[in-house]
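Quick one: the structure is below, questions incoming.
The values are calculated or read from the model by the stated rules, or taken from the named source; none is laboratory data. Only a predicted model underlies this, so the values are computations on that prediction, with no experimental measurement involved. For neighbour counting, all protein chains shown are included, and Cβ atoms are generated from backbone atoms with ideal geometry for every residue, glycine included.
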Amino acid sequence: MKKITLTVLALIAIFGCTQKKSDPKIAETIVTNDEHKTLIVYTSAHNTDLKLTLTDSVKFNDFKQPLETESAILVDPGKEFQTFLGIGAALTDASAETFYRLSKANQDRFMEAYYSVDKGIGYSLGRTIIHSCDFSSGSYTYIEEGDAELKTFNIEHDKQFRLPFTKLAIAAAGGKLTMYASPWSPPAFMKTNNNMLQGGKLKPEFYQPWANYYAKFIKAYEKEGIPIWGLTVQNEPMATQRWESCIYTAEEERDFLKNYLGPTLEKEGLGDKKIIVWDHNRDLLFQRANVILNDPEASKYVWGIGFHWYEDWKDGIPMYNNVKAVHEAYPDKNLIFTEGCNEKYDLTRIVSEDPKLAERYGKSMINDFNNGTVAWTDWNILLDETGGPNHVGNLCFSPVHGDTKTDKLTFTNSYYYIGHFSKFIRPGAKRISSVSSANNLMTTAFLNEDGSIVVVVLNQGDKEISFSITMNLKTAALISPAHSIQTIVL
């Protein structure tokens, strides 16, 4: 009889949360799993002390047919789907600047909390920015204004905060972090509105210099010891924002990619970098993919399609089906969630544990993974006590906030909800079939390369739910607290 030994660690206290006085405590348990007959359950529930806490160990029993009035989840490890790449967040200027205003003890705690698999939530993916975005203290580029030949290109600005911050993250992740980069705007002189802010378009005469700019950025970062796995063509190419932004129609993005960016990266020896198109909301995801991927000369450069969660609600429901539609139409391309955060920072929503903040993450991650997504990226990994810094006042939530006045780290429920996925589902895992019979219980499941099975269950309701999990004609009974998320390791 084959035995699998799993090391499972439970986070049983908030990392310095404003509502907790204790430091984080890590409990390590060695569990012998006999032919997948035992389930180890971790739970986070709003307005309780359960924060990624080891709450139960349940045995499978003989198969029990659920009644139509009962809640049940069926897991089938024999039905495999996409390969999981990773979960992580953006290492922005704002995050880096906030980080370096914290004490050394809290800097160390922060890195361990995000990147350690054993003592934290095991982030394995990262996004960085190509010069400034709104979550920078001001607008800047890597060249002098008007330098189309890029003779003055340098990344000295990033050496103060963002580069060392990113290096620490890579080290905390064990020396490897899948990093990709995104630009918010070309330099002002390259644009039709002569402004990095307020939209505008890339002038055709600067298509080649701008493509060269990406290559120089990648080489400069890699020279500093930060490998760049991939890049997106443009952050939010259909949004005219009051911050750094640039507009591309689908046809313009397609033509820039196939005639300039793709060939330039190949010419510069960077043809192995993964190129991601769209990098905007779910609503127009299929339309953008359709135009670009139906062109063979453009499609050959595309690794995948990126998407965000903003402004994609129709009749109160996020447009998750558009993710599924792209996956079905272009199964040879990858889907990656490239950005999402809760907007309009308000500390009272954190203190009151507003469940909508964390549940937005849980719902999106479950739906996106079930619709074929291979990787998921939160927006700012850290922000200060105001929801910034942000040079245009676009203040937002992040899973962790650092108070630069009191040196207090607040780990919100969003951090724990993301951790229910990132800590247990590891790169290389395969999504497997996991289906719920109840609308109020959402679920997704993965098979890790080490043979462990991870099932995530989300209860958005106000009431506790009794439910069963069935796998390989064996059934186990569990309870999901109100407004909770659970990770069940088989």
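Which members of the range 60-82 meet the condition of being at pLDDT 95 or above and either surrounded by fewer than 15 Cβ atoms within 10 Å (Cβ to Cβ) or among the aliphatic types (A, V, I, L, M) (or both)?
Scanning the range 60-82 gives A72, I73, L74, V75, D76, G78, K79, E80.
Then there's this: Please list, ordered by first then second residue, the pairs with beta carbon atoms under 8 Å, 6 or more apart or interchain, first in the range 466-490 and among the charged types (D, E, K, R), second in a strand (DSSP E or B) and modelled with pLDDT under 95.
Matching pairs, first to second residue: K474/N61; K474/D62.
Picking from A89, A94, A105, which residue would you name as being of a type in the set (A, V, I, L, M, F, W, C), modelled with pLDDT of 95 or more, assigned to a helix (DSSP H, G or I) and buried (at least 24 other Cβ atoms within 10 Å of the Cβ)?
Every option except A94 fails the conditions.
Residues being over 18 Å from M365 (Cβ atoms) and surrounded by fewer than 19 Cβ atoms within 10 Å (Cβ to Cβ): count how many of those fall in the range 433-456.
Initial filter on the range 433-456 (over 18 Å from M365 (Cβ atoms)): 437-438, 449-452.
Right, trim to surrounded by fewer than 19 Cβ atoms within 10 Å (Cβ to Cβ) and you get 437-438, 449-451.
Residues flagged as over 18 Å from M365 (Cβ atoms) and surrounded by fewer than 19 Cβ atoms within 10 Å (Cβ to Cβ) within the range 433-456 amount to 5.
Exactly one condition in (1) assigned to a loop (DSSP other than H, G, I, E, B); (2) over 19 Å from the mean Cα position of the chain (by Cα); (3) of a type outside the set (D, E, K, R); (4) on the phi < 0 side of the Ramachandran plot is not met by G451; state its number.
Unmet for G451, out of (1) assigned to a loop (DSSP other than H, G, I, E, B); (2) over 19 Å from the mean Cα position of the chain (by Cα); (3) of a type outside the set (D, E, K, R); (4) on the phi < 0 side of the Ramachandran plot: (4).
Taking the range 108-118, which residues are in a helix (DSSP H, G or I), of a type outside the set (D, E) and either at positive phi or surrounded by fewer than 20 Cβ atoms within 10 Å (Cβ to Cβ) (or both)?
M111, the sole residue that qualifies.
Moving on to the next point. So P318 passes all but one of these: (1) modelled with pLDDT of 95 or more; (2) buried (at least 18 other Cβ atoms within 10 Å of the Cβ). Which condition number does it fail?
(1)
Of the numbered conditions (1) over 21 Å from R109 (Cα atoms); (2) of a type outside the set (D, E, K, R); (3) in contact (Cβ under 8 Å) with a residue 60 or more places away in the chain; (4) buried (at least 23 other Cβ atoms within 10 Å of the Cβ), N459 satisfies every one except a single condition; which is it?
Answer for N459: the failing condition is (3).
Further, regarding this structure: Let me confirm something: among E328, E253, E297, E311, which residue is of a type outside the set (F, W, Y), within 26 Å of M190 (Cα to Cα) and surrounded by fewer than 18 Cβ atoms within 10 Å (Cβ to Cβ)?
Selected residue: E297, the only one of E328, E253, E297, E311 that is of a type outside the set (F, W, Y), within 26 Å of M190 (Cα to Cα) and surrounded by fewer than 18 Cβ atoms within 10 Å (Cβ to Cβ).
Moving on to the next point. Of the conditions (1) part of a helix (DSSP H, G or I); (2) closer than 14 Å to Y180 by Cα, D272 clears all except one; give me its number.
All conditions are met except number (1).
So if I check each of Y301, Y248, which one is over 30 Å from K356 (Cβ atoms) and touching a Pro at 6+ places or on another chain (Cβ under 6 Å)?
Y248
Here's something else I'd like to know. Looking at (1) touching a residue at least 40 places away in the same chain (Cβ under 8 Å); (2) outside any loop (DSSP other than H, G, I, E, B), which is the only condition F424 fails?
That leaves (2) as the condition not met.
Taking N380 as the residue in question, decide whether it is surrounded by fewer than 19 Cβ atoms within 10 Å (Cβ to Cβ) and either of a type outside the set (K, R) or in the same structural domain as K344 (by TED's automatic domain parsing) (or both).
Spelling it out, it is not the case that N380 is surrounded by fewer than 19 Cβ atoms within 10 Å (Cβ to Cβ) and either of a type outside the set (K, R) or in the same structural domain as K344 (by TED's automatic domain parsing) (or both).
Quick check on I228: is it of a type in the set (V, I, T), in contact (Cβ under 8 Å) with a residue 12 or more places away in the chain and either touching a Phe, Trp or Tyr at 6+ places or on another chain (Cβ under 6 Å) or not assigned by TED's automatic domain parsing to the domain that holds L257 (or both)?
yes
Something else about it: Exactly one condition in (1) touching a helix residue (DSSP H, G or I) at 6+ places or on another chain (Cβ under 9 Å); (2) at negative phi is false for T192; which is it?
All conditions pass for T192, except number (1).
Then there's this: Regarding the range 100-114, can at least one residue be identified that is touching a residue at least 24 places away in the same chain (Cβ under 8 Å), farther than 30 Å from P481 by Cβ and of a type in the set (G, A, S)?
Yes: the range 100-114 contains one or more residues that are touching a residue at least 24 places away in the same chain (Cβ under 8 Å), farther than 30 Å from P481 by Cβ and of a type in the set (G, A, S).
Given the condition of a type in the set (V, I, T) and modelled with pLDDT of 95 or more, answer yes or no: does some residue in the range 276-283 qualify?
The answer is yes, given that some residue of the range 276-283 is of a type in the set (V, I, T) and modelled with pLDDT of 95 or more.
Right, another one. Quick check on K333: is it within 30 Å of L409 (Cα to Cα), free of Cβ contacts under 8 Å to residues at least 60 places away in the same chain and in contact with a strand residue (DSSP E or B) (Cβ under 9 Å, 6 or more places away or on another chain)?
Here the answer is no, as K333 does not meet what is asked.
Looking at V392, V351 in this structure, which one is more than 16 Å from the chain's Cα centre (by Cα) and closer than 26 Å to K423 by Cβ?
V351
Criterion first (under 22 Å from the mean Cα position of the chain (by Cα), farther than 22 Å from V291 by Cα and either not assigned by TED's automatic domain parsing to the domain that holds D108 or not basic (K, R) (or both)) does T178 satisfy it? Walk me through how you get there before you give the answer.
Working: under 22 Å from the mean Cα position of the chain (by Cα): yes; farther than 22 Å from V291 by Cα: yes; either not assigned by TED's automatic domain parsing to the domain that holds D108 or not basic (K, R) (or both): yes.
Yes; evaluated as a whole, the condition is true for this residue.
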